[in-house]
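Below: the structure, in structure tokens.
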Amino acid sequence: MATDTNNWVSRIRSGDPRALARAITTVENRAPESLELLKALFPHTGHARVIGMTGAPGAGKSTLVDQLAKEYRKENKTIGIIAVDPTSPYTGGAILGDRIRMQSHYSDPGIYIRSMATRGSLGGLAGATTDVAAVLDASGRDLVLIETVGVGQDEVDIVRLAEITVVILVPGMGDDVQTIKAGIMEIADIFVINKSDREGAERVEREIRAMQSLSTRSDNWTPPIVKTVATDGHGVPELAKAIASYQDFLRTHNLSLRKKVQNWQERLVEMLRQSLLERVLREHMADGAVSRYAAEIAEHKRDPYSLVEELVAKLGRP
């Protein structure tokens, strides 16, 4: 088994697209061998720049990611793209398939594109997005671009994964308050006003600047505002420069490691939560136990607080 995993890792590291596709599918489906694979790949991670692209539905995220990938390919950078889509209620797969918008890259071996379904996860990402990003990182990609599903005010999980978070806004969405919402607006390292050729782009910019004047980030970085028209690539070189400027800022002020530590603190808690939940379900909630407990609680035969205490206490027993 160890030999098979090592061979698999070697193929991933060499850029074998089939090995990479199999690895991502294994991780996404939480197959039995996924844990050993992730353990073997982890020493090879930490080199890719992870960029999150998030915003409301219809903001043009897919088109902007497509154009940004083209810009980086001019510099001969290798790229992994994760496009997170809503889940089909019939197949459980990605319902939109953002790769359709990126067909021009299919023949380019320097770009690997993968769509992922949220599968019920909130926060704009799929449950396995972090692990899939790690696989792409370990494969030697210079950049990993993550396009979230269309998100709302509080769906901000991308900030716990990405080194740089780009929030994409558009004028004329019929909701000027979008620029002062406390959730998604606070995670931006860079603001993009896409479709900036539309009426109202200047108003959106003014609202962002007004919001920025009311508070200062703990790292003293003021997120720049970049105007783009993704359909024709206008403003994309400026966006790439803004991303590079923020990365230089992190490096100059020794903030990259601090940001990674903060992200891993939250990631570890989430991993522990998921692992403990799976253990409880496997060891103490099998064979219809959930339904039985729920019925007892609904009929007031027992209280849920004591039940949870009992289940947690059992975790420490051999």
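When the residues of region 1-39 are filtered to those that are polar (S, T, N, Q) and part of a loop (DSSP other than H, G, I, E, B), which remaining residue is farthest from Arg114 (Cα to Cα)? Full working, then the answer.
Restricting attention to region 1-39, the residues satisfying the condition of being polar (S, T, N, Q) are 3, 5-7, 10, 14, 25-26, 29, 34.
Imposing the further condition that a residue be part of a loop (DSSP other than H, G, I, E, B) reduces the set to 14, 29.
Values: Ser14: 18, Asn29: 14 Å.
The selected residue is Ser14.
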Within region 281-296, residues without any contact (Cβ under 8 Å) to a residue 24 or more places away in the chain and at negative phi come out as Leu281, Arg282, Ala286, Ala289, Val290, Ser291, Arg292, Tyr293, Ala294, Ala295, Glu296
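Looking at Arg198, is it in a loop (DSSP other than H, G, I, E, B) and in contact (Cβ under 8 Å) with a residue 24 or more places away in the chain? Let's see the steps before the verdict.
On the way: in a loop (DSSP other than H, G, I, E, B): yes; in contact (Cβ under 8 Å) with a residue 24 or more places away in the chain: yes.
Against the criterion (in a loop (DSSP other than H, G, I, E, B) and in contact (Cβ under 8 Å) with a residue 24 or more places away in the chain), Arg198 qualifies.
From the list Glu266, Glu278, pick out the single residue that is in contact (Cβ under 8 Å) with a residue 24 or more places away in the chain, part of a helix (DSSP H, G or I) and loosely packed, with under 14 Cβ neighbours inside 10 Å.
Numbers: Glu278 fails: in contact (Cβ under 8 Å) with a residue 24 or more places away in the chain.
Only one candidate passes the filter, namely Glu266.
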Apart from one, (1) in contact with an Asp or Glu (Cβ under 6 Å, 6 or more places away or on another chain); (2) part of a loop (DSSP other than H, G, I, E, B); (3) not aliphatic (A, V, I, L, M) all hold for Tyr246; the odd one out is (2)
Checking Thr78, Thr54 in turn, the sole residue that is crowded, with 17+ Cβ neighbours inside 10 Å, polar (S, T, N, Q) and modelled with pLDDT of 95 or more turns out to be Thr78
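The values are calculated or read from the model by the stated rules, or taken from the named source; none is laboratory data. Remember, it's a predicted structure, so these values are computed and weren't measured experimentally. Glycine also receives a Cβ, built like all others from the backbone with ideal geometry; neighbour counts cover every protein chain displayed.
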